[in-house]
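Data first, discussion second: the structure below is written as structure tokens.
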Amino acid sequence: MPAAPNTAAAPAWPRPPGATRPPAPTRPLLAAQACWFPRERTLPALFADVAEGGTVWLGFSNSAFHELSLNWIGHIYRLRKERQLVIAALDRKFSATLLEEGVPHFDYDWGVLTDMRSNVSGFRRLGALKADLVLKVLRAERHVLLSDVDVVWLSDPEPILRSMWAADVM
């Protein structure tokens with residue numbers, strides 16, 4: 001009897017140079033020419049990549065939502081928006097993971113590794129952090145697409161959003 005063909009898929013998430021962990025088979029397929037980030041992102045570096053009037057794709061997450069976050073990031077990479085992307089890592093463990101993955105992030109270590117929705121004061125602090133970062137981006141004359149990490153972007157929403165830019169909030 002002939003051997004069964006090898007149907008195992010090649011790793012879907014290309015590894016940035018120097019990465020040590022094997023790629024997870026569930027991560028979305030990314031373009032080989034993707035831009036990887038060897039260090040934590042800064043606002044000046046982000047603004048160098050996103051011109052005035054451009055859109056910054058922003059998310060917040062911690063280790064509790066690690067897999068959702070990587071899925072969210074992967075779909076944004078598939079849209080080739082990685083230079084416009086930054087995710088605020090809310091704990092050191094998650095920040096280290098994102099650094100190893102080579103994806104753009106800010107290190108906002110709160111030391112909270114769990115779902116913060118059940119912690120009222122922590123959830124309020126997160127809201128204040130989000131507002132502070134969004135205001136910094138808006139004051140730099142960039143637009144903000146603030147997204148939860150459980151969203152999957154299958155296509156670029158910017159053309160639709162551009163048609164509604166006269167609105168203050170959507």
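The values are calculated or read from the model by the stated rules, or taken from the named source; none is laboratory data. In this text, all values refer to a predicted model and were calculated from it rather than measured experimentally. Please note: Cβ atoms are built from the backbone with ideal geometry, for glycine as well, and neighbour counts cover all protein chains shown. With ligands, DNA and RNA removed, areas are computed over all heavy atoms of the protein, side chains included. Shrake-Rupley method; radii C 1.70, N 1.55, O 1.52, S 1.80 Å.
General observations
- Amide H contacts under 5 Å for T55, placed H, 5+ residues apart: H143
- Relative contact order [Cα under 8 Å, 6+ residues apart], region 37-170, whole percent: 35 percent
- Think of a 1.4 Å ball rolled over the protein heavy atoms: region 83-163 then has 55 Å² of accessible area per residue.
- With both labels modelled 7 Å from their Cα along Cα-to-Cβ, the A128 to C35 distance reads 3.3 nm.
- Listed values for region 145-153 are Karplus-derived 3J(HN,Hα) couplings in whole Hz (6.51 cos²θ - 1.76 cosθ + 1.60, θ = phi - 60°), namely 10, 8, 9, 5, 7, 8, 8, 10, 8, and x replaces Gly and Pro.
- Extension gain (nm, one decimal) between H66 and A45, 0.36 nm per residue minus Cα-Cα: 5.1 nm
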